[in-house]
């Protein structure tokens, strides 16, 4: 117990002395740092050169953490920029798709305007609403009907040629039976020979040409137009061209593009 008291009484003055020396050293260091003198400047430079490089290991963790924080902030900014670019790209894709659709619709309308028709013929332009066909029936719906004066049997055209005929009329819609349908058959004339034939659909892309007066006068690529027989189709409407299959069967390559039907003209059989 006496020894503990002795140690305690001895250590207290030592601690006080060390504290006083430390305070004196720090005050001296502060004074040296604040004195503007060439000699003092050299002393400051010497101290910095001596001790600061050796402090790098102390600053390394702090520097590393600071760099990690900067990297994280940079990553966060890049992530936000990337998300913004993705949103802008998605909007641009949507705008591009809308522009392409408008361009296609405009092209279809321009095709309609390029078709040269008999000035006495009148027509009603309709928009294709849906493909109401099936593997056994080829037809589409138009947004025109009885209220627009549409009648059964009238011819329909796209911007290139005859598509089919009206087969079923509602008040606001009408169904078009395509030339490729197995139930479709229209009288046609093959030019320039003037041979009459019947164009008959068989659910393929190239309908059959049958009941030809004299097939010897018909050659590949001859033009096919409506004959006007029966009074429902006006004469002279372009249908397509003659093609021959490998077995010699005569068929028609249609001028109308049945894969991209957006607009149609419904041709009135009787002007007015």
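The values are calculated or read from the model by the stated rules, or taken from the named source; none is laboratory data. Model, not experiment: these values are computed from the prediction. No Cβ is skipped: glycine too gets one built from the backbone with ideal geometry, and neighbour counts run over all protein chains shown.
Is it the case that region 244-256 has a residue that's in a loop (DSSP other than H, G, I, E, B), in the same structural domain as residue 151 (by TED's automatic domain parsing), over 39 Å from the mean Cα position of the chain (by Cα) and touching a residue at least 40 places away in the same chain (Cβ under 8 Å)? Yes, some residue in region 244-256 is in a loop (DSSP other than H, G, I, E, B), in the same structural domain as residue 151 (by TED's automatic domain parsing), over 39 Å from the mean Cα position of the chain (by Cα) and touching a residue at least 40 places away in the same chain (Cβ under 8 Å). Among the residues of region 195-209, just one is in contact (Cβ under 8 Å) with a residue 40 or more places away in the chain, surrounded by fewer than 19 Cβ atoms within 10 Å (Cβ to Cβ) and assigned to a strand (DSSP E or B), namely 208. Taken over region 16-38, the criterion of being exposed (fewer than 10 other Cβ atoms within 10 Å of the Cβ) and either assigned to a helix (DSSP H, G or I) or at pLDDT 65 or above (or both) is satisfied by 34, 38. Please state which of the following conditions residue 259 fails to meet, knowing it meets all the rest: (1) under 38 Å from the mean Cα position of the chain (by Cα); (2) surrounded by 12 or more Cβ atoms within 10 Å (Cβ to Cβ); (3) modelled with pLDDT under 90. That leaves (2) as the condition not met. Among residues belonging to region 222-233 that are modelled with pLDDT of 90 or more and in a loop (DSSP other than H, G, I, E, B), point out the one that is farthest from residue 166 (Cα to Cα). The qualifying residue farthest from residue 166 (Cα to Cα) is 222. Here residue 195 meets the list (1) more than 30 Å from residue 130 (Cβ to Cβ); (2) out of contact with any helix residue (DSSP H, G or I) (no Cβ under 8 Å at 6 or more places or on another chain) almost entirely, failing just condition (2).
Table: residues versus (1) surrounded by fewer than 21 Cβ atoms within 10 Å (Cβ to Cβ); (2) closer than 28 Å to residue 127 by Cα; (3) without any contact (Cβ under 8 Å) to a residue 40 or more places away in the chain; (4) in the same structural domain as residue 253 (by TED's automatic domain parsing).
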| site | (1), (2), (3), (4) |
| --- | --- |
| 171 | yes, yes, yes, yes |
| 176 | no, yes, no, yes |
| 181 | no, yes, no, yes |
| 185 | yes, yes, yes, yes |
| 218 | yes, no, yes, yes |
| 221 | yes, no, yes, yes |
| 232 | yes, yes, no, yes |
